[in-house]
Amino acid sequence: MPLHLYLVRHGETAWSLTHQHTGRTDIPLTEHGEGEAQQLGKRLSGTKFGHVFSSPSRRARRTCALVGLDQDAEIEMDLAEWNYGDYEGRCSADIRRGRPDWNIFRDGCPGGETPGQVSGRADRLIAHLRKLDGNIALFSHGQFGCVLASRWIGLPVIEGPHFVLGTASLSILGYNPDHPAVPVISLWNAFSSAVLELLPSSPLGDTRTMKERAIQRWETDGGEIAHERWQPNGFHETKSSPLISR
């Protein structure tokens, strides 16, 4: 089977609610975060995984358990969140009061990891994962997940701010089916309640929200994602390709 990496960010914690940098502080999920993970587990219940890897943190391991994959999980130290060092527990807005131009993806954290160190960690993990095949579940964190996605498609770490991951979100990293050597981001930040709740309701009499429509499409269409092909006349057609084995 082609390699598909199912990247899951852990569910909500008290510090993710307040936007505090949570690296090595081992805090639990909130009650809402546990509910998020359980809902994601229902959506992934028909998916078969050849390997399951989790960050060593409690919040990632608990998310993995609530999704229902903990029995097969292996701890992978390289999936740990960025080590924030002196900035642990602080908010970006607070840090920028003293360092207005601070960018973690460029500057790193004093007493913590540099961008080069985190990038190296992601590259080491990717090299290991590319020796495997089939569906692989990864339970990790917000900013490391953005680094992993950047490096998967060959971007430098400085491009990390262009990605965002909500709690209990699902992303899929894979390869272009028409160009099997080209790594792609097949799905990004799906089912994140923090993002989906911001989407507007559908017009033209459809009373479902875009969140409800997205979830229904996932559950009823076999997890298929539309791929567009441009035609010579400037129009495009859409086909779907399955990403989940059921």
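List of remarks:
- Ordered from longest to shortest, the equivalent ellipsoid semi-axes for the stretch 1-132 are 28, 20, 11 Å, each the square root of 5 times a Cα gyration tensor eigenvalue.
- Stretchable slack from ASP123 to THR25, in nm (0.36 nm times residue separation minus alpha-carbon distance): 32.9 nm
- PHE139 long-range amide H proximity, modeled H, under 5 Å: VAL8, PHE53, SER54, SER55
- For TRP188, nonlocal amide neighbours, meaning residues 5 or more places apart or on other chains whose placed amide H falls under 5 Å from its own, are ILE172.
- Across the stretch 168-181, coupling constants 3J(HN,Hα) worked out from phi with the 6.51/-1.76/1.60 Karplus curve, θ = phi - 60°, read 6, 8, 10, 10, 10, 10, x, 10, 5, x, 8, 9, x, 8 Hz, and Gly and Pro carry x.
- For HIS4, residues with placed amide H under 5 Å, excluding near neighbours: GLY134, ASN135, ILE136
- Globularity index of the stretch 29-76 is 1.08 (Cα radius of gyration / 2.2 N^0.38 Å, N = number of residues).
- Just the protein heavy atoms count here, and of the accessible area of the stretch 116-184 at 1.4 Å, carbon and sulfur take up 58 percent.
- Once all protein chains are placed together, GLU74 keeps about 90 Å² accessible to a 1.4 angstrom probe.
- FRET efficiency, LYS131 to ARG96 (Cβ-Cβ, R0 45 Å, nearest 0.05): 0.65
- Solvent-accessible surface ranking, highest first, for GLU76, GLU81 at 1.4 angstrom: GLU76, GLU81
- HIS32/TYR175 FRET efficiency (R0 25 Å; Cβ-Cβ; nearest 0.05): 0.10
The values are calculated or read from the model by the stated rules, or taken from the named source; none is laboratory data. Fair warning: this is a prediction, and the values are worked out from it, not measured in the lab. Virtual Cβ from ideal backbone geometry, glycine too; neighbours counted across all protein chains shown. To get the accessible areas, we keep the full protein, side chains included, count just its heavy atoms, and leave off ligands, DNA and RNA. Shrake-Rupley method; radii C 1.70, N 1.55, O 1.52, S 1.80 Å.
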